[in-house]
Amino acid sequence: MLRTTPLHDRTAPLNQGRNWRRWAGFTVASSYELSHDREYFAIRNSAALLDVSPLFKYHIAGRDAARLLDRVVTRDVGRTQVGQVLYTPWCDARGKVIDDGTVARLAEHSFRLTSAEPNLRWLGDNARRLDVRIEDVSDRTAALALQGPSARVILERAVERDLAAVQYFRLTTGQVRGRDVTITRTGYTGDLGYEIWMDATDAIAVWDALIEAGTPYGIVPCGILALDMARIEAGLLLLDVDYVSSNQALIDAQMSTPLELSLDWTVAFDKPQFNGRLPIRAERERGPEWRFVGVEVDWVSLEDVFTSLGLAPRLPTQAWRTSVPLYDANGIEQIGYATSGCWSPLLKKYLTLAHVEARYSSPDTPLQIEVTVEHRRRRAQAAVRRLPFFNPERKRA
Amino acid sequence: MTGSTRERYDAVVIGGGHNGLVNAAYLARAGRKVVVLERRHVVGGAAVTEEVVPGFRFSVFSYVVSLLRPEIIRDLELPRHGLEILPLESTITPMFNGDYLGTWADHDQTRQELVRHSRRDAEAYDTYGRLMHHMAMAVKPILAMVPPDPTSLAPSDLRGMLKFGRTFRSLSRTHFHALYKLMTMSSGDFLDEWFETDVLKATKSASGIIGTFMGPRTPGSAYVLLHHYMGEIDGAFRAWGFAKGGTGAISTAIANAARAAGAEIRLNAPVSRITTSNGRVTGVVLENGDQLQANVVVTSLDPKRSFLALMSEDELPDEFVQDIRRYRIRGSSGKVNLALHELPDFTCLPGVGAHHRGAVSISPSMRYVETAFDDAKYGDFSRKPYMDIVFPSVIDPQMAPPGKHVMSVFVQYAPSNIRGGWDAAKREAFGDAVIDAIEVFAPNIRGAIMHRQVLTPQDIEDITGLTEGNIFQGELALHQLFFLRPAPGWAKFRTPVRGLYQCGSATHPGGGIMGAGGRLAAIEIRRDGVR
Ligand SMILES: Cc1cc2nc3c(=O)[nH]c(=O)nc-3n(C[C@H](O)[C@H](O)[C@H](O)COP(=O)(O)OP(=O)(O)OC[C@H]3O[C@@H](n4cnc5c(N)ncnc54)[C@H](O)[C@@H]3O)c2cc1C
């Protein structure tokens, strides 16, 4: 049996189709209802409650905690304030991305790092001669994401205080029904939202409180299928789907640098030292070979492919996670590949996240994308788009 | 100060309903200087959201969107301008015996449900769905097409007829026969060929009578089944459902797109006259006396209003005036909007559940629906009406204060020409009949009501200007569709007056929040090249 999260007693009875998937060795709901539709719309329209407990979580404390993190991640941790959260990738010595996650500064010498894959050993290797304690708190910390335009009002009711002062990528602490929680204004949806971190033994009580506070506002428990669509709209990449960790890659071509993933903004070049600094700097000088971009499939051209076969256009109802070839506008040369895609019911656009050769990466560059219709590979027109596809004001407001 | 202003525009659009706004947006995008003149203080016409009671937002008239053309959503970038369409998943029909019939978003769930009623129907249901899909596919190109004139030998008309003909020739024999039946039969008879479960037929045929003065046994009503199915072939595009913020949000999004393209929108600006000179349009006069000059005037009002009220007969050919007089409008629907402090508790499915996220159809039997029509035939509102109910606040919680709800009840029949005419007492009696009929299936309804807004066809006409309150600006009867809509020879958005165009629901392809008339008219105006 795979492991279950601290919220399983609540989530299992809700799962109408027994629709589970794996995440870091745990079972989590793909969708609770038979279709993930309503869960998706809750993210954009009311509020969605997600069990994100399978994330890896490390508590890093001690006089040199910031120094350790600054060695590991590409962003400048030393300069963050207490109460701030950073999104950041981290790299190996060659500047190839290992993983990405968030660093929350809980106190002057205390941080929480989240990641998609285990990183304890890597952190330990980097901590030599530093005064720092690294603890894997993954199992004893549960996490919930509350995402959507009504997330704030619901959470305010649950913690019984105003949260307007908690800005985007900041944190605060509070109590829900007498249980201590840390609240970060973060999430994986690109919407207004919070993540709530608590002791695993308090998770059920917090879930119940949020559902109760949220019911008048249309809160909906939400699984991973809906989240996957939201994160594509938000242009957020996913390890093992959009890129391969350099720890897992078998050949160099499978690896990516932060610049190849268009994460330039996360690299603090002025930091004295961090893993991969020199190679990434050199890469910045010559310019990266690849870029990670949004690619929108042209509707009319897609529709034509279907109409020519006497069919109404069919679109994926879920996000896909396969590699799909991209060609130049003339369809001659393959110049990249999309790694995630979905039809956005919100934007009414067919969106993909893709790796393209750098010279094809500027917005509106015309491309072609492979589409398989009736067992045959065909091409539809597509174009490069700026990420994120969807970026509502409320996310930061 | 009256009559003092004289402004010039390339085009004046009369009426800020969704079609007028779509038309203005397309014209503005083509570089025309356009103004939309709307009589009311809000845009939207029959697609408006209004806060009738503080905190409670009603989609006052239209309440779901199913036909809005995907090309318009794309061209005008409506999602960027605020359009968001949320899913409306299911339909349940409560029955007199305490049971119900449901169709759900999930195919297996629907099949299991139908099997409870009839194994045969459960199987027929899929086949029927596929047939309707084929029919809709065949008819769909027509929605995006300017109707050709079958009596004309002009090359464009011949090409159009050819395309039209090809569409039908491409149908298999069985499909062609089915289409012919759809065009001629009553929805009841058509459905009898498919299903045996009475409540299923009642619910399906009810969707075929929406907005018409026909009963489920009136020949020709089957076509409306198809009209409503049309939205479903854009299934993949997901344009079917409930607009966040109510149907007014659709109009607002289109208005935003029009403004972004440079169109001007004037509210509280009723037009009193369309001015012409020597068979050419010259502009409009507003009720306040302002005159606007333009070589193009586009009216989104129904033809009776446009040609019989805003123009004088001597400006139009006699024959045309006769055709417009004959154009059948006949309102048959009313609307009741409720503010609730709790949701109705249906005896057939107690408590709050998934069914509140979909439609509730009050169509328990064929007989019920037919009897409802009988009342109307003899000039009364239905004492036990057919109703199509949705709960917008369940789908979009921001439609009502937290924990409270709004309920939209579309009601048929409420004839516009009710015996003795509509008055306040009849309105209340109509409202009471609606609540009584709901109470049969949801006994807590009366106590749940905080506020009730009752709209008779007369009210619909008074507020929106829709003649006789007909929701489609004229019936979707075969004799007034396609190249006959609204009048033979004048289906191409043009009129006998040069420079005067029409773009409302009274034009091809007909009513509903579709926008097709607005868009196609703009295309024709550009084609004519008048400026
Ligand atoms: C009760 C009801 C329920 C309905 N339900 C649905 C539904 O659920 N789904 C659906 O798709 N369709 C529905 N419909 C039909 C749909 O709403 C209409 O077909 C559509 O909105 C008509 O749009 P339009 O732009 O063609 O005309 P209108 O919306 O009628 O717009 C005409 C505009 O012109 C303005 N006007 C009138 N006279 C003047 C004047 N002299 N000067 C200036 N302006 C003027 C009016 O105020 C109005 O804004 C419903 C209609 C009604 C009435």
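Some points to look at:
- Gyration tensor (alpha-carbon) shape descriptor, chain A, a/c threshold 1.5: oblate
- Computed over region A:58-154: relative contact order in percent, which uses C-alpha pairs under 8 Å that are six or more apart: 34 percent
- Mean ellipticity per residue at 222 nm, deg cm²/dmol - from DSSP H runs of n ≥ 4 across the protein assembly as shown, formula -39500 (n - 2.57): -8500 deg cm²/dmol
- Net charge dipole size for region A:57-136 [Lys, Arg +1 and Asp, Glu -1 on Cβ; Debye, nearest 20]: 180 debye
- Projecting label points 7 angstrom from Cα along Cα→Cβ for A:Leu2 and B:Val115 puts them 2.9 nm apart.
- Between region A:130-156 and region A:55-106, the alpha-carbon center distance in angstrom: 16 Å
- Two-site label geometry, A:Ala253 and A:Ser362: point separation in nm, points 7 Å out along Cα→Cβ: 2.8 nm
- The H on the amide N of A:Ser138, modeled in the peptide plane, is under 5 Å from the matching H of A:Lys57, each at least 5 residues off or on a different chain.
- Phi to ³J(HN,Hα) by Karplus 6.51 cos²θ - 1.76 cosθ + 1.60 over region A:95-111, Hz, x for Gly, Pro: x, 9, 5, 8, 6, 9, x, 10, 10, 10, 8, 7, 8, 3, 10, 9, 9
- Unit charges at the beta carbon, dipole of region A:185-343: most positive-side option, A:Trp207, A:Trp299, A:Thr189: A:Thr189
- Going by accessible surface with a 1.4 Å probe and the largest first, A:Leu7, A:Leu171 read A:Leu171, A:Leu7.
- Here the convex hull built on the C-alpha positions of region A:57-136 has a volume of 75 cubic angstrom per residue.
- Once C-alpha pairs closer than 8 Å and six or more residues apart are averaged by separation and normalised to the residue number of chain A, the relative contact order reads 17 percent.
- Whole-Hz ³J(HN,Hα) from phi, Karplus 6.51 cos²θ - 1.76 cosθ + 1.60, for region A:235-247, glycine and proline x: x, 9, 7, 10, 4, 6, 10, 8, 8, 10, 4, 5, 5
- Note: relative contact order over chain B, using C-alpha pairs below 8 Å and six or more positions apart, is 24 percent.
- The modelled label-to-label distance for the pair A:Asn330/A:Asp125, using points 7 Å beyond Cα in the direction of Cβ, is 4.6 nm.
- Per-residue ³J(HN,Hα) for region B:308-316, Karplus 6.51 cos²θ - 1.76 cosθ + 1.60, θ = phi - 60°, Hz, x for Gly and Pro: 9, 9, 8, 9, 9, 4, 6, 8, 10
- Under 20 Å from a label point set 7 Å out along the Cα-to-Cβ vector of A:Glu117, the amide N atoms of region A:3-25 belong to A:22-25.
- Alpha carbon convex hull of chain B, volume per residue in cubic angstrom: 144 Å³
- Ranked by the mean number of other Cβ atoms within 10 Å of their residues, highest first, the peptides A:29-38, B:23-32 come out as B:23-32, A:29-38.
- Taking every alpha-carbon pair within the protein assembly as shown, the share separated by more than 43 Å comes to 39 percent.
- Euclidean distance between Cα centres, region B:277-351 to region B:7-45, Å: 15 Å
- Pairs from B:Lys140/B:Lys244; A:Lys96/A:Lys348; B:Lys181/B:Lys492; B:Lys33/B:Lys140; B:Lys140/B:Lys204 whose Cα-Cα separation, in the structure shown, is over 29 Å: A:Lys96/A:Lys348; B:Lys33/B:Lys140
- Counting only other chain Cβ atoms within 10 Å of each residue's Cβ, the peptide B:321-329 averages 0.
- Using every pair of distinct Cα positions in region A:329-397, the Kirkwood expression returns a hydrodynamic radius of 13.5 angstrom.
- Surface/4 of the Cα convex hull for region A:160-313, nm²: 15.7 nm²
- Database remark: amide H of B:Thr275 closer than 5 angstrom to the amide H of B:Thr282, B:Gly283, B:Val284, B:Val285 (H placed geometrically; neighbours at sequence offset of 5 or more, or on other chains; Pro and chain starts carry no H).
- Taking amide hydrogens as placed 1.01 Å from N in the peptide plane, the amide H of A:Lys349 sits under 5 Å from those of A:Ser344, each at least 5 positions away in sequence or on another chain.
- Centre separation in Å (Cα based) which lies between region A:318-397 and region B:506-531: 33 Å
- Diffusion of region A:170-241 by Stokes-Einstein, at 25 °C in a medium of 0.890 mPa s and with Rh set to the Kirkwood radius over alpha-carbon pairs, works out to 179 µm²/s.
- In region B:76-100, burial by the other protein chains removes 20 Å² or more of 1.4 Å probe accessible surface, compared with the chain on its own, from B:Pro79, B:Glu84, B:Ile85, B:Leu86, B:Pro87, B:Glu89.
- Positive-pole candidate from B:Gly245, B:Met137, B:Gly31, dipole of the protein assembly as shown, charges at beta carbon: B:Gly31
- Net +/- balance of residues flanking A:Gly95 in space, Cβ distance below 11 Å, scoring K and R +1, D and E -1: +2
The values are calculated or read from the model by the stated rules, or taken from the named source; none is laboratory data. All values derive from a computational prediction rather than experimental measurement. Cβ coordinates were reconstructed from backbone atoms using ideal geometry, including for glycine residues, and neighbour counts include every protein chain displayed. Side chains are part of the model used for accessible areas, which takes the heavy atoms of the whole protein and leaves out ligands, DNA and RNA. Shrake-Rupley method; radii C 1.70, N 1.55, O 1.52, S 1.80 Å.
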